[in-house]
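The structure appears right after this line, and notes come after that.
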Amino acid sequence: MEQKMQDPVFKAAFLEQEMAIDQQMERTQAAPCATPLIIPIAVHYNTPITDANPQCLINKALEQVAQLNLDYSFCNANVGDLCDFAEACPQYFDVPIEDLMPEDGACIQFCLGDQNLPTGEDNIGGYAITVGDYVWTGQNTDTQNNWDGFLNIFVNSLLGDGDVLGVAPFNGGANPSGNGVYIVSGAFGGSGGPCGSGASLDNLGPYTIGATATHEIGHYFGLSHTFSDNLADTPPQTVFNIGCPSYNTTTCSTSAGSDFSGNFMDYVNDACMSNFSASQVTRMQLVAANQNVWAIDKISCFADWFDGTNTYMSCQSFCEPVACPTEASTGYFSTDQTCAGTTYTLPTDYAAGGLVLDEDLSATYTWSIGGYLPTGTALSSTYTPDPIVGCGTEKLLLFLNVGCTGDADLQINGGALSFTIYPDPTQFTIDDLVTFVDGDCQGPTWEVTPECASFVTVNQINGPTFPVTSGSGTADYEIILSYPADCCTDMICDFTTTVNYECDTSGNNCEADNGDW
């Protein structure tokens with residue numbers, strides 16, 4: 001931005017635009033949020049990210065969008081710390097608490113494109129996700145007009161890995177004609193932990209909760225850094241804060257001094273960002289293009305907002321305490337089955353599994369493997385079981401962890417999902433399942449591999465009815481592997497084979513009728 005401001009033409013146009021926005025802000029007060037502005041998202045991966053692991057690319061995109069929605073409605077896990085501090089020490093702040101963090105959040109939500117997508121694109125998993133096709137330069141031509149009406153997120157390491165976390169065109173959201181924001185690959189994602197597809201995603205130290213995108217999209221919608229803006233309700237900073245400043249409710253101070261409020265437009269770690277101010281919200285709403293400019297026909301969730309399926313709800317009301325659950329009076333328990341190598345979508349209807357919490361409005365849910373958190377490992381929205389050798393099944397437990405948007409430290413053991421994991425049927429040949437032996441007059445014989453006996457059925461489907469009295473030929477057999485239907489799509493659990501038989505009776509009547517030759 002500093003470099004662009006050296007151009008007098010650009011500088012004059014920019015300052016004129018800023019003056020117009022400032023004048024609008026003086027006349028505007030954000031109205032209560034009935035229906036948020038819905039922003040379609042497209043994600044464009046590039047070097048060093050490849051399409052080697054499509055599920056990783058999908059998971060990270062979905063996690064990042066989910067985190068944006070939490071951040072822009074003030075429902076992220078960090079907001080409780082600021083609320084506690086603001087309640088205990090209102091004198092620390094120069095503005096009312098309701099300006100520090102507006103009751104209705106930012107009134108902006110995000111959806112990953114998933115329908116009517118541009119033809120000729122990768123559209124991985126049916127989502128607006130491409131790999132290796134587009135590179136961020138900050139211009140409207142970055143996506144060659146193929147992705148107009150989207151907020152395009154360009155994810156790679158072409159601008160450095162860690163030196164530059166993200167970049168955005170200031171006020172770019174006023175004209176979403178193929179532009180977007182850049183996010184370094186290590187800082188892109190959300191709460192699901194790192195994964196790899198050519199290179200690692202979401203693995204960059206303290207920047208793995210998705211706040212880099214929240215920050216850069218703030219620039220995209222017209223926000224400056226808190227240490228360089230002119231807004232009355234952001235901290236009176238002259239330099240940026242870094243690391244993770246702490247709040248002290250006893251002394252009513254922070255480790256960063258007197259100018260820290262967890263604002264997304266500062267430079268602190270992801271885990272210490274929580275909010276936009278009221279003036280920032282007003283500015284974003286003024287800068288962002290009207291709803292009809294965005295590619296709303298490319299997102300299935302848009303209709304849900306306007307038919308009442310989705311209801312916008314921020315998680316804070318003037319920093320009133322969030323009602324967090326304290327116990328699960330009845331834990332979740334369910335059973336299911338799937339095959340190794342098959343991507344399983346984890347349950348989200350927790351009440352259907354019997355979970356009863358004393359307070360669930362602000363509850364969060366995370367599945368883990370290997371035990372409850374923090375002992376276990378957190379999973380994203382899907383799970384793919386590891387390969388199994390042989391025909392036998394394995395049992396597996398996944399654990400449901402309950403948290404709260406207002407208390408990042410809350411951990412309640414919420415129950416479990418018991419899995420029966422079947423082997424991947426594509427690994428088997430007929431010889432793995434059944435051994436056939438060419439037959440005689442009684443027909444071919446076979447023996448099912450002992451460990452497969454519970455799952456294998458053999459039926460003759462063609463050839464003579466045995467036993468026969470003479471002749472030779474073949475008989476066809478069907479081998480059916482009785483695994484769950486979702487493991488056996490496209491008939492991959494049905495096998496057929498052909499086996500020989502020969503019924504030779506020429507030597508059975510060698511003795512003459514009268515005892516002589």
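Can you work out ³J(HN,Hα) from phi for every residue in region 274-285, in order, using Karplus 6.51 cos²θ - 1.76 cosθ + 1.60 and θ = phi - 60°, giving whole Hz and x for Gly and Pro?
After applying 6.51 cos²θ - 1.76 cosθ + 1.60, I find 8, 7, 10, 7, 4, 5, 4, 4, 4, 5, 4, 5 Hz.
Which ³J(HN,Hα) values in Hz, rounded to whole numbers, follow from the phi angles of region 458-473 under the Karplus curve 6.51 cos²θ - 1.76 cosθ + 1.60, where θ = phi - 60° and Gly and Pro get x?
10, 10, 7, 10, 7, x, x, 8, 8, x, 10, 9, 6, x, 8, x
Pulled fully out, how much extra length does the chain show between Thr330 and Asn116, if you take 0.36 nm times their separation in residues and subtract their Cα-Cα distance?
Answer, rounded to one decimal: 72.8 nm.
Rounded to the nearest 5, what % of DSSP beta bridges with both residues in the chain are antiparallel?
Among the beta bridges of the chain, antiparallel pairing accounts for roughly 65 percent.
Of Phe264, Ala61, Thr47, which is farthest along the charge dipole of the chain in the positive direction, counting Lys and Arg as +1 and Asp and Glu as -1 at C-beta?
The residue sitting most towards the positive pole is Phe264.
Placing +1 on the Cβ of each Lys and Arg and -1 on the Cβ of each Asp and Glu in region 426-503, which of Tyr477, Val434, Cys488 has its Cα farthest towards the positive end of the resulting dipole?
The Cα lying farthest towards the positive end belongs to Tyr477.
Would you pull out the residues with amide H under 5 Å of Ile49's amide H, same chain only if 5 or more places away, H placed 1.01 Å from N?
Ser157
Any idea what the dipole of the chain comes to, in debye rounded to 20, about its Cα centre with Lys/Arg Cβ at +1 and Asp/Glu Cβ at -1?
Computed charge dipole of the chain: roughly 1560 debye.
Starting from the Cα gyration tensor of the chain, take the square roots of the eigenvalues, sort them a ≥ b ≥ c, and report rounded, prolate or oblate (rounded when a/c is under 1.5, otherwise prolate if a/b is larger than b/c, else oblate).
prolate
Counting only DSSP beta bridges with both residues in region 304-458, what percent are antiparallel, rounded to the nearest 5?
Antiparallel: roughly 80 percent of the beta bridges in region 304-458.
I need Cys315, Cys404 ordered by Cβ neighbour count within 10 Å, fewest first.
Final ranking by Cβ density, sparse to dense: Cys315, Cys404.
With both partners inside region 112-210, how many of the DSSP beta bridges are antiparallel, as a percent to the nearest 5?
For region 112-210, the DSSP antiparallel bridge percentage is about 45.
Okay, helix-only estimate at 222 nm for the chain: each DSSP H run of n ≥ 4 adds -39500 (n - 2.57), divide by all residues, round to 500 deg cm²/dmol; what do you get?
Helix-only estimate at 222 nm: -5000 deg cm²/dmol.
Any read-out appearing in this document is the output of simple, stated calculations on the displayed coordinates, not a laboratory observation. Note that the coordinates shown come from a computational prediction; the quantities given were computed from them, not determined experimentally. Backbone-built Cβ (ideal geometry, glycine too); neighbour counts: all protein chains shown.
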